[in-house]
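Step one of this worksheet: look at the structure below.
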Amino acid sequence: MEVFLILLPIFGGVLSFLVPKFNQTVAITTLLLSLFVVVGIAVKLLEGGAYYHLVGGWGAPLGINLYIDGLSLVMLGLTALIGLGAGIYAKKYFTHRQSLWFWPLWLFLITGLNALFLSQDIFNFYVTLELIGLASASLTALSNTKEALIGAMRYLLVTLLGSLAYLLGVALLYHGFGSVDMALLATKIKSVPVAWAAMGLMSAGLLLKSALFPLHFWLPPAHASAPAPISAILSALIIKASIYIQLRLWLSLFLPLNSFYFEIFFALLGSVAVLWGSLLALVQTRLKLLIAYSTVAQIGYLFIAFSLALGGMSIAWSALIYLMLSHALAKSALFLVAGNLLHFHGHDRIIDLDRIAQRLPLSTAAFALAGVSIIGLPLSGGFIGKWFLLEASLKNNSWGITFVILLGGLLAAGYIFKVLGFTFTKAAVVQKTKQVPLSMELVPLFFAVMAILLGFFATPLLALIHIGNPFGIIGAAP
């Protein structure tokens with residue numbers, strides 16, 4: 001069943017390229033089937049716990065293992081849901097000419113994400129990162145403007161540099177310990193120079209791909225110039241893929257190398273990212289850039305939680321995964337709303353939104369609800385994640401982190417309410433408008449509502465997240 005999450009989208013991508021007349025039908029059907037497969041995996045996981053799937057019946061080190069636990073299921077579920085929702089949005093968003101390239105690339109991107117979240121092999125992580133990076137860069141350039149091409153080229157160079165650093169680390173680990181399977185490496189790795197060098201290279205490459213401050217320079221231009229569905233999946237899933245690998249590596253392979261100084265390092269960078277990203281978001285005049293810098297800030301929260309999890313705090317793990325969930329849904333909604341405003345007005349200047357609250361009420365509602373989760377107001381998924389994060393910081397006596405979390409929430413409220421304020425005002429100049437299709441309004445509203453509903457279903461979701469010992473000691477048997 002698990003292999004179908006890789007085979008379905010790759011065959012769907014090839015078919016949508018070969019039969020362009022039916023590319024939308026093929027793609028949407030493929031994404032729906034992938035969602036059903038994720039549901040089937042969830043049932044299996046709930047019944048039997050975390051487990052391996054031996055591809056072709058051959059286990060490591062001769063074969064390839066796929067590994068499914070609560071974390072990987074959550075990421076697979078997000079990929080299926082956001083991939084399908086953003087795909088439905090894209091049906092009306094792109095021109096016919098653009099859609100000829102969009103659907104095959106979109107399905108190849110989904111293939112890479114699914115393969116990554118199922119992988120239990122550090123070399124397969126590299127292969128899937130490359131597939132994701134190439135598909136993402138191509139999709140970013142899809143609008144074919146000068147800004148889009150520059151943003152896509154910058155992103156491509158960054159992702160290739162990050163992948164190269166990661167691959168060098170993989171080569172060192174294989175040379176030093178004779179395996180690329182994570183379960184086998186976890187039993188062999190020791191605090192020796194080759195392991196330290198591999199850790200440094202792999203972490204540096206993944207931090208660059210994760211756009212953690214100060215390595216975030218590529219992210220705002222890529223977001224600002226990319227089509228709205230691409231910006232949504234870049235922020236919701238592609239950045240999370242690199243963070244996902246960091247979690248797997250640091251909470252399993254690199255635990256023997258961990259020290260208090262690394263916890264401080266990640267907490268410091270995460271804290272600066274929260275404040276710097278929020279301040280830059282506050283001063284933006286374009287909506288997509290504001291949302292992009294908000295992503296920089298939200299990544300900071302994830303690495304703050306990551307640093308606390310490295311210290312052995314299980315509640316920080318809950319905070320991290322809940323923040324990843326709520327951020328993915330809320331940020332997808334925000335970028336798709338920005339796409340609606342670009343479609344409606346032909347620009348995304350915040351000061352000239354011109355009574356959007358009255359003219360696009362569903363899009364305004366989606367932005368407001370997604371903003372509730374980004375700020376972390378009560379009853380939302382973002383609130384649950386930040387509550388856990390505050391609890392972890394207080395238990396750890398990390399008063400500086402507590403201050404950053406609270407101040408970051410206030411700054412987020414500042415830039416969200418800044419946008420909402422202009423949705424009720426009249427622009428100084430009369431602007432031409434274009435009707436926004438209903439499906440393009442309903443999809444971001446659905447994502448925003450889901451981000452809120454996460455706050456109402458915390459107990460079953462947390463039980464799911466913790467299947468398979470989230471602190472890296474892989475307890476499933478082949």
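Points worth noting:
- Per-residue surface analysis assigns V37 an accessible area of about 20 Å², computed on protein heavy atoms at 1.4 Å probe radius.
- In the context of the full set of protein chains, residues of the chain present 38 Å² of accessible surface per residue (probe radius 1.4 Å, heavy atoms only).
- The calculated Kirkwood hydrodynamic radius for the chain is 22.3 Å, given to one decimal from all distinct C-alpha pairs.
- When the listed pairs K21/K331; K21/K240; K209/K418; K146/K209 are checked against a 26 Å cut-off, the alpha-carbon distance exceeds it for K21/K331; K21/K240; K209/K418.
- FRET efficiency, V192 to L407 (Cβ-Cβ, R0 41 Å, nearest 0.05): 0.50
- Neighbour net charge for S119 - beta-carbon separation under 14 angstrom, K R +1, D E -1: -4
- Summed residue charge, Cβ within 14 Å of K240's Cβ, Lys/Arg positive, Asp/Glu negative: +3
- Chain lengthening between V14 and Q98 when straightened (0.36 nm per residue, less Cα-Cα): 28.6 nm
- Computed FRET value (nearest 0.05) for N144 with A463, which takes r as the C-beta separation and R₀ as 56 Å: 0.75
- Residue by residue, the stretch 64-70 carries 3J(HN,Hα) couplings of 10, 9, 9, 10, 10, 9, x Hz when phi is fed to the Karplus relation 6.51 cos²θ - 1.76 cosθ + 1.60 (θ = phi - 60°); x denotes Gly or Pro.
- Loop trypsin sites (Lys or Arg not before Pro), the stretch 178-280, which have at most 14 other Cβ atoms in a 10 Å radius of their Cβ (DSSP): K190
- Semi-axis lengths, Å, the stretch 341-387, gyration tensor of Cα atoms, sqrt of 5 times eigenvalues: 27, 10, 8
- Linear extension gain, K44 paired with R349, 0.36 nm per residue minus alpha-carbon span: 105.0 nm
- Site pair L161 and V55 shows an inter-label distance of 3.0 nm when each label is modelled 7 Å from Cα along Cα→Cβ.
- With every protein chain in place, the stretch 227-358: carbon and sulfur % of accessible area (1.4 Å): 68 percent
- T25-L442 pseudo-label distance in nm [points 7 Å out on the Cα-to-Cβ vector]: 2.0 nm
- Protein-only accessible surface order, largest first, of I110, I351 at 1.4 Å: I351, I110
- Relative counts (whole %) of C-alpha pair distances in the stretch 142-251, using bins that are 10 Å wide: 14, 41, 26, 15, 5, 0
- Applying 1/(1 + (r/R0)^6) with R0 = 60 Å to the Cβ-Cβ distance of K434 and F36 gives a FRET efficiency near 0.95.
- log10 of Debye I(q)/I(0), alpha-carbon scatterers only, for the stretch 39-122 at 0.14, 0.15, 0.24, 0.26 Å⁻¹: -0.60, -0.66, -1.13, -1.23
- Shown here: the stretch 190-265, whose C-alpha atoms stretch 45, 21, 20 Å along the first, second and third principal axes, sorted largest to smallest.
- Classification of the stretch 55-184 by its C-alpha gyration tensor yields an oblate form. The axis ratio a/c (a ≥ b ≥ c) is 1.5 or more, and b/c is at least a/b.
- In the context of the full protein assembly, R154 retains an accessible surface of approximately 100 Å², using a probe radius of 1.4 Å and ignoring ligands and nucleic acids.
- Accessible area of K434 in the full protein assembly, 1.4 Å probe (Å², nearest 10): 120 Å²
- Taking 7 Å steps out from each Cα toward its Cβ at Y174 and V283 produces label points 4.6 nm apart.
- Total formal charge among the other residues, if their Cβ is under 15 angstrom from that of L410, Lys/Arg +1 and Asp/Glu -1: +2
The values are calculated or read from the model by the stated rules, or taken from the named source; none is laboratory data. Note that the coordinates shown come from a computational prediction; the quantities given were computed from them, not determined experimentally. Cβ coordinates were reconstructed from backbone atoms using ideal geometry, including for glycine residues, and neighbour counts include every protein chain displayed. Just the protein is used for accessible areas: all its heavy atoms, side chains included, with ligands, DNA and RNA removed. Shrake-Rupley method; radii C 1.70, N 1.55, O 1.52, S 1.80 Å.
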